[in-house]
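Some notes on the structure that comes next.
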Amino acid sequence: MSDTRRRVKVYTLNEDRQWDDRGTGHVSSTFVERLKGISLLVRAESDGSLLLESKISPNTAYQKQQDTLIVWSEAENYDLALSFQEKAGCDEIWEKICQVQGKDPALEITQDPIDESEEERFEEMPETSHLVELPPCELARLEEIADLVTSVLSSPIRREKLALALMSEGYMKKLLQLFQVCEDLDNREGLHHLYEIVRGVLFLNKAALFEVMFSDDCIMDVVGCLEYDPALVQPKRHREFLTKTAKFKEVIPITDSELRQKIHQTYRVQYIQDIILPTPSVFEENFLSTLTSFIFFNKVEIVSMLQEDEKFLTEVFAQLTDEATEDGKRRELVNFFKEFCAFSQTLQPQNRDAFFKTLANLGILPALEIVMGMDDLQVRAAATDIFSYLVEFSPSMVREFVMQEPQQTDDDVLLINVVIKQMICDSDPELGGAVQLMGLLRTLIDPENMLTPTNKTEKTEFLSFFYKYCMQVLTAPLLANTVDEKKSKALQEGSTKINPVCPDNFQTAQLLALILELLTFCVEHHTYHIKTYIMNKDLLRRILVLMNSKHTFLALCALRFMRRIIGQKDEYYNRYIIKGNLFEPVINTLLDNGTRYNLLNSAIIELFEFIKVEDVKSLIAHIIDNYYKALESIEYVQTFKGLKGRYEQEKDRQTLRLNRYRRDARTLDEDEEMWFHEDEDDDEGEAVEKSRPEEEFPESYGKYMEAKKRGCQRCQRQASCLARRRSQSQRLPSKVGRATRHPGSQGELSLSTAILIAKTAMVGLVDYPDDEDEEEEDEEQSPRKRPRLGS
């Protein structure tokens, strides 16, 4: 690798003020003709693609942080950062930036963007005001120092000058020593001034100051200063919490002292940002961006250092999966992995992929099976969070693992079944954990993320696995809390309850609603598997029992499930609904609801409106034939009258079709009679020819023989045509029979078709196979060929 190319990570700051990793590559500074200037170029180390092309502008403020970071803004709300692997590479690029801008490389920032009025004002100031003069670091001057720090926050230039002054001659450490003196003397006024000073210094947003303030020697004094908020009557006890309450637990001893120090520092700085500092106002949001970056890059470094320590991770997994490990120890190990996975979200995509693959290879999924089955609620909650990270990262990886399990274990301890059981057994009254687990299950069974190019059969294989091993576990609570219609009616006799079968317990109703939501998703996305399961288990009938629940949201979930089934417009589903009279519980609920205009009423009306608009003929006929008397009194919507209208229209169409069959049969008889009349006319013509005088015979003999020959040929063609027509009529009954079994046909059609069969089923005595060519020719020339009855 040449000296001008250094390994870096490229980051951009998003709208939430969080750093997004854009990739890893090598940076160089070269002249770009298109940009007309020296530019920073970063090419990806994987494929050489261009990750960054940024011209070094003379007016852009570049900031150097933590010896390995360079941060700048290219446009409003568009911040960039380069994180160098080596300090030498950062120094080289920083010198190049300073060279282009004509700045001293010893500075931590090249310049600050300021508006024109402020720039003109500073140009008019004398040169002697270039530096900010700090008062002596004494107790008597604390108020003056606090006023100075507070006054510069509105000016970028003055903030920079103050930061330079504070970093010189160890001024910050001297201030923090004064804090110890004030606290010993119980000097509340001085402590309040120190609070304003430290808070203002944090808002200077300078990484070099953070390095001093967050060092092991100073960070607890910084926390102490922030305890004495003048707005509080009594100071907070943050130091007591950090030193006594919050204890650092090493699940496996960390031998790297630098790593341990980085973990302590990150936790304390995060505590300062999240707990101690007040929520910044709109004008202060950007003041702490460097603090956010400081925490972010610390987390990246911690994850990288832990991931590189193979012995550490191996030992952690060994203890996590060891049956002899105590529950308390296992709880600490699970919590460690939870934090570890949370920190990994700061990694760039390539490194995050490698991180989760490392965890998978070490056995994180088998370990989760063990801990998710423990009685400790905290352990189960932490394991659920880890599982969510894994599913979010790669659903295919989780599916591949669970499909291999049946070869090694019983159905009861399959990972997905463990997840389902944890969802069902959630003790939280609000079912917060169950909702989270339901979302994870939905991700795992979603066909949209099964279209991986490496495994074309993943969708079929996994869905077959899920419906074979897991679906019965998911639907068990649903089937246990519902009974079929007959049993339900028997239990309701002599009872005043709305439904003694459905559970009145709110938590159980919530659980059933979650299960129904997942099953509704399956109806929409798993066409074959869920259809087979519904019909084999008669699942819709059981679910519609919940229409009687006193919990309206549960009744709506059951209705939504049926609505999704009808929305598939699948005749298999329609025949299943018709055969089971499954509209009855829906219509009963509509009638019981009376004239109340509520969500349940609207949802049921919408169901029937959909059937009307989509003209689902089989369901319309079933509804009108069986339930119209109960529905015809509902006139506040036109839905049911519209269904009746559709029904009548279809009935009229069937009548027209019946008339067409009768007309076709009558036309066939008339054609045959016309042929015989035509034949008789020919015979009469021949008789006339024979009655001519003998004296004319010699003259017309030749003409007569020629006409007779033409007449014979015509007779043969007519006979062949009659045989073909009778042969066609012989084949008519099978096609008409199919027509009589058409789903939309009525009883009248069947009767008329039977009459038509009796009239047209005429069997030809002779067939002339040698005349096929002539038949085809005659078909082509025939102007009156009839349509096929089966068409």
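Annotation: R330 carries an accessible surface of approximately 10 Å², with a 1.4 Å probe and no ligand, DNA or RNA atoms counted. In the frame of its principal axes, segment 185-226 has Cα extents of 31, 21, 10 Å, reported largest first.
For E614 and T655 in the same chain, what is the full-extension length gain: residue separation times 0.36 nm, less their Cα-Cα distance, in nm? Present the calculation step by step, with values, prior to reporting the outcome.
Working: separation 41, 0.36 × 41 = 14.76 nm, distance 2.22 nm.
Separation in residues times 0.36 nm, less the Cα-Cα distance, equals 12.5 nm.
Across segment 248-254, rounded Karplus estimates of 3J(HN,Hα) from the backbone phi angles (6.51 cos²θ - 1.76 cosθ + 1.60, θ = phi - 60°) give 7, 10, 9, 4, 10, x, 9 Hz, Gly and Pro being marked x.
Quote the FRET efficiency, to the nearest 0.05, computed for N598 versus K468 with a Förster distance R0 of 35 Å and r equal to the Cβ-Cβ distance.
On the way: r = 41 Å, r/R0 = 1.16.
Step by step, r from the Cβ atoms, then E = 0.30.
Work out the FRET efficiency for S388 and T532 from their Cβ-Cβ distance, taking R0 = 30 Å, and round it to the nearest 0.05. Mind dumping the intermediate values first?
Details: r = 31 Å, r/R0 = 1.02.
Rounded to the nearest 0.05, the efficiency is 0.45.
What does the net charge come to around Q507 if you take all other residues with beta carbon closer than 10 Å to its beta carbon, with K and R at +1 and D and E at -1? Around Q507, the surrounding residues sum to -3.
Annotation for segment 137-212: GluC sites (Glu not before Pro) lying in DSSP loop with at most 13 further Cβ atoms inside 10 Å of their Cβ are E138.
Considering the zone a paramagnetic label at E632 would reach in this model (a point 7 Å from Cα along the Cα-to-Cβ line), which residues of segment 568-604 have amide N under 19 Å from it? Backbone N within reach: 587-588, 591. Between D91 and N361, the simple spin-label model (points 7 angstrom out along Cα→Cβ) gives 3.6 nm.
Shown here is the pair-distance distribution of segment 208-359: with all Cα-Cα distances grouped in 10 Å bins from zero up to the longest one, the shares run 9, 33, 33, 18, 6, 0 percent. Measuring between alpha carbons in the structure, the pairs from K9/K161; K612/K644; K9/K64; K9/K311; K9/K36; K96/K161 lying more than 19 angstrom apart are K9/K161; K9/K311; K9/K36; K96/K161.
The values are calculated or read from the model by the stated rules, or taken from the named source; none is laboratory data. Bear in mind the structure is a predicted one, so any value in this text is a computation, not a measurement. Here Cβ is always computed from backbone atoms with ideal geometry, including for glycine, and neighbour counts include all displayed protein chains. Only protein heavy atoms, including side chains, enter the accessible area calculation; ligands, DNA and RNA are left aside. Shrake-Rupley method; radii C 1.70, N 1.55, O 1.52, S 1.80 Å.
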